[in-house]
Amino acid sequence: MKQSMKLNTLLAAFSLMAATSAQAEPQMATGGAMAWQCAPCHGTNGQEFVEAMPPLAGMPAKQFIDAMIAYREGTRAAIIMDRVARGFTDDEIKAMAAWFEKQPVKQWENTSLTESLEAQAAAEATGGQE
């Protein structure tokens, strides 16, 4: 009888845990985390400046949202962005839009790795003051 009671208690606990976890909604990634998926084409933090790939950094949120929804719905011409946009919900697009809008716009500079490392070292030596 004691074993049957323990078994019933365990079954009830597992049922409660299963019901609770089934009702919990998954957490959405942050806008910054999702934005890393854009980096291969649009650069780190959306700061790529090349003719074929517009920068996303500093883009007004509404412009980003409108573009992504148009890509997703097929009302804006795209080579690949229509497929990319289909992977995001409205809330995810809004989160990325808010994140990109806050990123500083930086003009891309064509520097070698050595020049970049020297500039970084100089900035660190002066505490970021030039």
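Read the figures in this text as sums done on the coordinates, not as results from a lab. All of these numbers come straight from a predicted model, not from anything done at the bench. As a convention, Cβ positions derive from the backbone with ideal geometry for all residues, glycine included, and neighbour counts pool all protein chains shown.
Which Rg and Dmax, in Å, describe the Cα atoms of the range 26-83?
Computed over the Cα atoms of the range 26-83, radius of gyration and Dmax are 11.9, 38 Å.
I'd like the FRET efficiency for Ile79 and Ala125, computed as 1/(1 + (r/R0)^6) with the beta carbon distance as r and R0 of 41 Å, rounded to 0.05.
The formula returns an efficiency of 0.40 here.
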